[in-house]
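Only one structure is covered here, and it is reproduced in the block below.
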Amino acid sequence: MGTLLLAAIALAGAPAASVVYIVAAELALGRLAVRPRRALRPWVWLAPALAFVAVFLVYPTLDTVVLSVRDATGAAWIGLANYAFALGSRDALIALRNTVIWLVLFTGLVVGGGLGIAALAERVRYDAAVRGIVFLPMALSFTAAGVIWKFVYEFRPAGAPQIGLLNAVLGAAVPGFEPRAWLVGPPWNTLLLIAAGVWTWVGFATVVFAAALKAVPAEIAEAARVDGAGEWRVFRQITLPLLGPTTGAVATAMVITALKVFDVVYVMTSGNFDTDVLATRMYHALFVDQHLGRAAALAVILLAATVPVMAVNLRRLRREAAAR
Amino acid sequence: MARQRRTAIVFVAAAMLLAAGGGDSSAAGKLGGTVSVLGTWGGSELDSFNAMVKPFEDRTGAHVEFQGTRDLTAVLQTRIQGGNPPDVAALPNPGALPLLARSHALKPLGRVLDMTQLARQYPSTWLDIGRVGGEPYAIVVKAALKGLVWYDPQTLAAEHVTLPPTWAGMLALTDRLAGRGTSAWCLGLGSGATSGWPATDWIDMLLLRAAGPAAHDAWVRHKIGWDAAPVRQAWEQFGRIAANPKDVYGGPPAVLATDFGDAPFPMFTKPPRCLFHLQATFIEAIIQKQFSWIRPGIDLAFVPMPRIAPQYAGVAQIAGDVFGMFHDTPQARALMRYLVSAEAQAIWVKRGGALSPNKGVPLDAYPDVLSRRAAELLVRAPAARFGAGDMMPPEMTAAFYKGTLDYVAHPDQLRAILARLEAVARDAYK
């Protein structure tokens, strides 16, 4: 009951408080002279948002950085030991390596696959159906996708009926095929986890690219064809450059998705058999080992890894804004 | 003005809801309310849990709200840190109790339960499992006997195999079967985030049989290291079977890829693909659910793991869910008092799949000859120890699980795996 009351207060209270704030602030601003009023007003309106960002984004980030040089309970300063843990052991290197593999392959396959499917689908009449089917897995959570793909990779020893799709299909198609336990041995397991991730996300990229392709003026491609350019050349030298901003945006989103990938790995292998990634290790450090410092150090490393991506992205956005 | 009126309406509505919530239970003179329980059960086990608390709900009017997860340590920790702990939780690993008690997340039970009465109903070993620094913090409500070799007597008769009384004999039999192309053992280590635990039971059981409870205690408390001879030898004994493609059905890849619940099934296919399966009592219910034709005692039987050192032959390996209180409410107290009673535990016992540590539960409450025999063994065991994996600090346990998976995949790297576990131990036992 207490929670319900709290929810009711929050629901009614938060909008009421913001209205009160704005009315009061505007009343106060009205008493000022014109020039200071002009200078102050944007800040008055920005202040609530800034406060939210400060409390919910900036403060936790700084706190995480501070925690990352402290011990398990966050009580004592222990220098860079947590970073040594996060980067220095065999398990750490495996997780780092896997995260890099995810970064490259997942991003590459989703962007490449999405672009390819969108470009090909555009040329057929049933393109909406194609996009719909490819997009369908997006409606699933990563967790559900993980469970489904776990069944696909399911293994039974040779001689027993294979209930996993992959082993069953390969067994039927390839003579003399020995069923394999796909998820328990590197390097196949990480690659197959990535395949499950790509399956879930490629529809998103396809839809975004399809929309961008619609915006490419047909006349340019037409003119190039008249000048004798083949289809491949039109795609490479006209369509692709025009899709540059879209590719950048999708790639950024996928890089970040790959960096924080957790659900698929957790559901399908729990990070066993050398499939750990940074996020599963962070989870483990926080909830199993209950070591705040190590978990924070891993979080800081993940954050640091996204910074260059964001920087490149911001620069690109600014350049585009300037070009306009 | 309009805004004021709307706010007022919200408050009135909230007040009415509050009144309604309090009203229906007080009218009947019952306790009412809800009590949230976190545990690991799903499927038929969850049905049994619900059946067990049904009389409590009827009597008190309190609703039991169950949340189940295989990853209990993590979920419990998240909820505690989020300031939203469950009222009651059933932990499969007493090894987590000291940390939870010391951080005051777990509430002491000394004043909640009548401990003198409990001491008459529970063997002292079982009460000690829930104590931290002498103070009771948790009580075992549902138990299992581990370290049992399960087999199909019909298959053994057809294969002209008799059960050897010693582990050495068991190994010789394993080799003989391998020689004629039959894998002796069914084994599967999969269990989601806790994959590997069946292997930790194997290793601990081999250690208990060879070196006894004292060595087990020293190991669990890290008084001896992971490279100590009894520990290393237990690993090697386990690997001799688990990492041997001829001794386990499907070889090491199948051992790693098979879920523990599916692992015994190949014993009952036609023809059987393996003959023995080491597992706790709860596996009986899982097997029977899969193969309804199985008659306990006729198509399915068990013996405790054969002896290695004669003086440790009867030592039992046990498991159980310890119930602790994380939120002191009248409903939680009432539920705890109910769950420790023989009346409550007999309900789950009758449904199968559980043993009761409460001496008040009569042997004839057990549904079949196998569970009755297990209950007898449990009561008669000269010494009993919780599986090592459940007694270590959670960080150590997780590393132990993972280590067994690494070992089955790379049996040649035992030295490195034990060294890594030793490094984790230095951290986990601080």
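Would you mind listing the helices (runs of 4 or more DSSP H) fully within the stretch A:69-141 where at least 2 residues are out of contact with any strand residue (DSSP E or B) (no Cβ under 6 Å at 6 or more places or on another chain) and under 16 Å from A:F209 (Cα atoms)?
The qualifying helices (runs of 4 or more DSSP H) are A:107-121, A:127-135.
Pick from B:T281, B:T194: which is within 14 Å of another protein chain (Cβ to nearest Cβ), β-branched (V, I, T) and closer than 28 Å to B:R351 by Cα?
Going through B:T281, B:T194 in turn, the sole match is B:T194.
Let's see how each residue does on (1) touching a residue at least 24 places away in the same chain (Cβ under 8 Å); (2) more than 22 Å from the chain's Cα centre (by Cα); (3) within 14 Å of chain A (Cβ to nearest Cβ):
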| position | (1), (2), (3) |
| --- | --- |
| B:I318 | yes, no, no |
| B:T329 | yes, yes, yes |
| B:N358 | yes, no, no |
| B:V369 | yes, no, no |
| B:A383 | yes, no, no |
| B:F386 | yes, no, no |
| B:D406 | no, yes, yes |
| B:E422 | yes, yes, yes |
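If you go through the stretch B:290-306, how many residues are at negative phi and either assigned to a loop (DSSP other than H, G, I, E, B) or at pLDDT below 95 (or both)?
So the answer is 11.
Just name the residue that is nearest to A:V152 (Cα to Cα) out of those in the stretch A:164-188 that are of a type in the set (V, I, T) and free of Cβ contacts under 8 Å to residues at least 60 places away in the same chain.
Here the residue is A:V169.
Under 30 Å from A:S141 (Cβ atoms), touching a Ser or Thr at 6+ places or on another chain (Cβ under 8 Å) and in contact (Cβ under 8 Å) with a residue 40 or more places away in the chain - does that describe any residue in the stretch A:237-254?
Applying the first criterion (under 30 Å from A:S141 (Cβ atoms)) to the stretch A:237-254 yields A:243, A:245-254.
Filter once more, keeping what is touching a Ser or Thr at 6+ places or on another chain (Cβ under 8 Å): A:251, A:254.
Filter once more, so that each one left must be in contact (Cβ under 8 Å) with a residue 40 or more places away in the chain: A:251, A:254.
Yes, there is a match, as at least one residue in the stretch A:237-254 is under 30 Å from A:S141 (Cβ atoms), touching a Ser or Thr at 6+ places or on another chain (Cβ under 8 Å) and in contact (Cβ under 8 Å) with a residue 40 or more places away in the chain.
Of all residues in the stretch B:262-289 being over 19 Å from B:M205 (Cβ atoms) and outside any helix (DSSP H, G or I), which is nearest to the chain's Cα centre (by Cα)?
B:D262
May I ask you to list pairs of residues, at least six apart or on different chains, whose Cβ atoms are under 6 Å apart, with the first in the stretch B:114-128 being closer than 20 Å to B:I318 by Cα and the second being surrounded by fewer than 17 Cβ atoms within 10 Å (Cβ to Cβ)?
If the second residue must be surrounded by fewer than 17 Cβ atoms within 10 Å (Cβ to Cβ), the pairs left are B:Q121/B:K359; B:Q121/B:G360.
Of these, B:A383, B:A309, B:A365, which one is modelled with pLDDT of 95 or more, surrounded by fewer than 19 Cβ atoms within 10 Å (Cβ to Cβ) and in contact with a helix residue (DSSP H, G or I) (Cβ under 8 Å, 6 or more places away or on another chain)? Walk me through it before giving the result.
On the way: B:A383 fails: modelled with pLDDT of 95 or more; B:A365 fails: modelled with pLDDT of 95 or more.
Residue meeting the stated conditions: B:A309.
Can you pull out the residues in the stretch B:196-230 that are in a loop (DSSP other than H, G, I, E, B) and among the basic types (K, R)?
B:R221, B:K223
Checking A:G203 against (1) away from chain B (no Cβ under 14 Å); (2) free of Cβ contacts under 8 Å to residues at least 60 places away in the same chain; (3) not β-branched (V, I, T), which test does it fail?
(2)
Looking at the stretch B:70-95, which of the residues that are touching a strand residue (DSSP E or B) at 6+ places or on another chain (Cβ under 7 Å) and in a loop (DSSP other than H, G, I, E, B) is nearest to B:W126 (Cα to Cα)?
The extreme case among them is B:P92.
Would you mind stating whether A:L317 is touching a Pro at 6+ places or on another chain (Cβ under 9 Å), assigned to a helix (DSSP H, G or I) and without any contact (Cβ under 8 Å) to a residue 24 or more places away in the chain?
yes
How many residues does the stretch B:214-252 contain that are within 14 Å of another protein chain (Cβ to nearest Cβ) and under 23 Å from the mean Cα position of the chain (by Cα)?
Matching residues across the stretch B:214-252 total 1.
Can you tell me how many residues in the stretch A:244-263 are in a loop (DSSP other than H, G, I, E, B) and either over 30 Å from A:Y283 (Cα atoms) or of a type in the set (D, E, K, R) (or both)?
Matching residues across the stretch A:244-263 total 1.
Examine the stretch A:258-272 for a residue that is within 14 Å of another protein chain (Cβ to nearest Cβ), within 30 Å of B:T194 (Cβ to Cβ) and basic (K, R), and state whether such a residue exists.
Looking for residues that are within 14 Å of another protein chain (Cβ to nearest Cβ), within 30 Å of B:T194 (Cβ to Cβ) and basic (K, R), one finds none in the stretch A:258-272, hence no.
Within the stretch A:163-183, is there a residue that is within 14 Å of another protein chain (Cβ to nearest Cβ), surrounded by fewer than 15 Cβ atoms within 10 Å (Cβ to Cβ) and not polar (S, T, N, Q)?
For the stretch A:163-183, residues within 14 Å of another protein chain (Cβ to nearest Cβ), surrounded by fewer than 15 Cβ atoms within 10 Å (Cβ to Cβ) and not polar (S, T, N, Q): present.
Out of all the residues in the stretch B:68-83, is one or more modelled with pLDDT of 95 or more and not polar (S, T, N, Q)? Please lay out each step first, then the result.
First, the residues of the stretch B:68-83 that are modelled with pLDDT of 95 or more: none.
The answer is no, given that none of the residues of the stretch B:68-83 is modelled with pLDDT of 95 or more and not polar (S, T, N, Q).
Only one of these is farther than 19 Å from A:V100 by Cα, out of contact with any strand residue (DSSP E or B) (no Cβ under 7 Å at 6 or more places or on another chain) and at pLDDT 90 or above: A:T246, A:T257, A:T269, A:T252. Name it.
One residue alone meets the criteria, A:T246.
For the stretch B:159-176, what are the residues that are closer than 13 Å to B:C274 by Cα and either of a type in the set (S, T, Y) or at pLDDT below 95 (or both)?
Within the stretch B:159-176, B:E159, B:V161, B:T174 qualify.
Test B:R120 against the stated conditions and say whether it is basic (K, R), more than 29 Å from B:F276 (Cβ to Cβ) and not in a loop (DSSP other than H, G, I, E, B).
yes
Tell me yes or no: at least one residue of the stretch A:118-136 is within 30 Å of A:N272 (Cβ to Cβ) and surrounded by fewer than 17 Cβ atoms within 10 Å (Cβ to Cβ).
yes
Of the numbered conditions (1) at positive phi; (2) under 31 Å from the mean Cα position of the chain (by Cα), B:H160 satisfies every one except a single condition; which is it?
(2)
Restricting to the stretch B:96-107, and then to whatever is part of a loop (DSSP other than H, G, I, E, B) and more than 10 Å from B:A138 (Cβ to Cβ), can you tell me which residue is nearest to the other protein chains (Cβ to nearest Cβ)?
My answer is B:S103.
Among the residues that make up the stretch B:78-85, is at least one of them hydroxyl-bearing (S, T, Y) and more than 14 Å from chain A (Cβ to nearest Cβ)?
Scanning the stretch B:78-85 turns up no residue that is hydroxyl-bearing (S, T, Y) and more than 14 Å from chain A (Cβ to nearest Cβ).
Checking A:A304 against (1) modelled with pLDDT under 90; (2) surrounded by fewer than 16 Cβ atoms within 10 Å (Cβ to Cβ): exactly one of these is not met. Which one?
(1)
Please go through the stretch B:129-175 and give me each residue that is without any contact (Cβ under 8 Å) to a residue 40 or more places away in the chain and of a type in the set (A, V, I, L, M), ordered by number.
Listed by number, the residues that qualify are B:V132, B:A157, B:A158, B:A172, B:L173.
Report yes if B:S356 is among the small types (G, A, S) and buried (at least 22 other Cβ atoms within 10 Å of the Cβ), otherwise no.
Criteria met by B:S356.
The values are calculated or read from the model by the stated rules, or taken from the named source; none is laboratory data. All values reported here derive from a predicted model rather than from experimental measurement. Note that each Cβ is placed from the backbone with ideal geometry, even for glycine, and that neighbours are counted across all protein chains shown.
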